[in-house]
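Q: First, the structure itself, so that you have it in front of you.
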Amino acid sequence: MKKTEERRRVRLPKAVVPILASMSLLLAGCDSLRFAPTEVQKQNAWLHNRTALVTAETARAEEASPELQALTQLGEIQSRAFSAYFGLPKEFPPAETTDDILAESNWQLADAAVQHGADRPDAWQVADSMLELGIGLCALLGGVYGTRAVRFLSDARGKSQALQEIISGNELFKKQNASAATAFKQAHQTQSPQTRQLVAQLKA
């Protein structure tokens with residue numbers, strides 16, 4: 001029983017190293033990563049629900065067609081999901097009346113929320129954060145293998161940062177020397193498909 005427990009303690013750090021390294025590479029090239037909802041997005045989601053609610057009430061008060069009333073009621077119910085997903089904001093924008101909702105500040109809020117929604121985490125920052133997390137976890141595990149894992153991940157982090165600097169330098173060179181861009185690309189034709197794919201993902 002004691003031998004089994006000791007084996008588990010020794011194998012755990014070994015398993016952590018490839019898992020964290022793989023996660024770092026996957027996250028670095030993953031376009032589906034998004035930031036947590038911002039206060040602006042939360043306000044906009046809540047305001048969307050208020051807009052849909054007032055629209056449904058207005059359609060009913062003005063005795064619009066049954067189809068339009070049904071559509072506005074469905075829209076209000078659907079908009080609840082957005083607010084529930086993003087969470088409630090710390091401060092609520094004015095939205096008691098139609099005039100409140102149509103205020104210029106709310107138009108600006110909507111535009112800002114669109115921009116925030118399009119933002120994505122920088123791939124290099126994600127990879128560096130994951131490596132840093134891995135170093136911290138392995139340091140907590142301790143032991144011989146934990147120490148080796150820390151050295152391995154620290155080395156991987158250093159190489160990742162070096163690769164970022166090389167790629168950034170290459171891109172800057174091509175922009176400043178447009179006439180040499182073709183020759184630059186030809187010089188890299190010997191790269192393997194795997195290397196080209198990796199570089200393309202890191203440049204994205």
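Q: Which condition number does SER105 fail, the rest of (1) more than 31 Å from the chain's Cα centre (by Cα); (2) of a type in the set (S, T, N, Q); (3) within 13 Å of VAL40 (Cα to Cα) being met?
A: (1)
Q: Check GLY146 against each of (1) more than 23 Å from ALA52 (Cβ to Cβ); (2) modelled with pLDDT of 90 or more and name the one condition it does not meet.
A: (2)
Q: If only one of LEU68, LEU109 is without any contact (Cβ under 8 Å) to a residue 12 or more places away in the chain and more than 30 Å from MET130 (Cα to Cα), which one is it?
A: LEU68
The values are calculated or read from the model by the stated rules, or taken from the named source; none is laboratory data. Everything numeric here is computed off the predicted structure, so don't read it as measured data. All Cβ positions, glycine included, derive from the backbone under ideal geometry; neighbour counts span all protein chains shown.
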